[in-house]
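Below: the structure, in structure tokens.
Read-outs: derived from the displayed coordinates by stated rules, not from any lab. This structure is a prediction, so every number in the text was calculated from the model and none was measured. Neighbour counts run over all protein chains shown; Cβ positions are idealised from the backbone, glycine included.
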Amino acid sequence: MRKIVILLSVLVALVAFFSLGLAQDSAKTEAKAAAKEVKEVKHDYVGVTKCKGCHKAQFEAWSETPHAKAWEALSAEEQKKPECATCHETGKTAGETAEMLTGVQCEACHGGGADYKSFKIMNKKKWAADPEGQLKLAQAAGLIIPTADDCMRCHKKEGNPNFKPFDFEKMKDKVHPVKAEG
Ligand code: HEC
Ligand code: HEC
Ligand code: HEC
Ligand code: HEC
């Protein structure tokens, strides 16, 4: 009888030991997966000329707005200051020829387009057949449909010497006001 009790407690201890190890392992894999996910969230910028080809109407409307000229609003000196440039530029393209995209371009609001601009995703036929499904694919590839929070990354008081109160509902129709077709 005693032998069995000892054997049993050894077994219990062993099981506890291994499951602790397993739990630690799975915690590690989870942390790794999370880190990978954060990495994958980065989608490279391509620049407004890449969007222009397929979205002529939005491009033309945007070109007339202050966002398109936000870089020119800064003096040459101010353009060199990171504390000014951050909200007056869009970001760097990827690769060796990393080019700074100036002004508040499409991707400052819609997210880096390297992955969602793909013809497999932003495809007229596929989009017409299944708008919700294609939008989901686009969003999974980095497309942002902007909300007030996305604007308030720049339209906030801190660091913005020319701050004006921001009203998303009133302002969002001014970003590229496309006239109704036909
Ligand atoms: C190959 C052509 C093509 C390119 C390049 C492209 N798009 Fe699109 N995009 C489309 C098509 C087609 C749709 C589907 C809706 C439509 O027909 O306008 C779409 C949809 C969208 C939508 C709207 C999603 C909705 O809710 O209806 C946004 C926003 C968008 N594109 C932004 C961009 C931006 C920003 C870029 C540049 C980084 C870009 N697109 C590049 C063809 C393209
Ligand atoms: C946090 C983002 C942010 C930073 C940082 C920032 N700006 Fe701006 N800037 C804006 C926004 C947004 C506007 C448009 C006004 C508004 O709606 O707040 C603007 C507008 C301007 C304008 C146009 C003013 C007008 O009335 O047309 C100038 C010039 C300007 N900023 C210069 C600067 C300078 C110089 C710096 C650095 C000292 C700077 N900005 C830093 C966000 C910023
Ligand atoms: C300042 C932010 C901002 C910029 C810059 C911007 N957009 Fe948008 N875009 C929006 C918002 C906001 C919507 C409307 C989302 C909604 O309806 O809720 C939108 C909607 C769209 C749509 C859906 C159809 C429509 O016209 O509403 C397309 C396509 C689009 N944008 C393409 C572009 C392209 C291409 C550019 C660059 C030439 C661009 N956007 C620049 C904020 C922006
Ligand atoms: C990357 C920073 C940035 C983001 C993101 C951004 N803006 Fe702006 N916005 C600016 C700057 C900078 C200006 C001023 C440009 C200038 O006057 O030269 C401006 C100006 C404007 C103006 C013109 C204001 C005026 O008084 O004429 C409107 C409207 C506007 N933004 C709406 C929006 C909306 C809506 C969003 C989100 C969908 C948004 N912006 C996102 C930086 C940004």
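Quick notes on this one:
- Integer Hz, Karplus 6.51/-1.76/1.60 couplings in order for segment 99-115, x for Gly and Pro: 10, 7, 8, 9, x, 8, 7, 2, 6, 5, 9, 9, x, x, x, 3, 9
- Other residues lying with their Cβ under 12 Å from the Cβ of residue 159 contribute a combined charge of +2, Lys and Arg counting +1, Asp and Glu -1.
- Residues whose amide H comes within less than 5 Å of that of residue 101, counting only those at least five positions distant or on another chain, are 90, 91, 92, 93 (H built at 1.01 Å from N in the peptide plane).
- Cα convex hull of segment 81-137, projected area averaged across orientations, nm²: 5.0 nm²
- Couplings for segment 163-177, taken from phi via the Karplus curve 6.51 cos²θ - 1.76 cosθ + 1.60 with θ = phi - 60°, read 3, 10, x, 10, 10, 3, 4, 7, 7, 5, 7, 9, 6, 7, x Hz in order; Gly and Pro are left as x.
- Ranked list, fewest to most other Cβ atoms within 10 Å of each Cβ, for 101, 74: 74, 101
- Kirkwood Rh, angstrom, segment 34-182 [1 / mean 1/r, Cα pairs]: 16.8 Å
- Local electrostatic count, residue 101, Cβ distance below 9 Å [Lys/Arg +1, Asp/Glu -1]: -2
- Amide H contacts of residue 44 (H built 1.01 Å from N, under 5 Å, at least 5 apart or other chain): 114, 115
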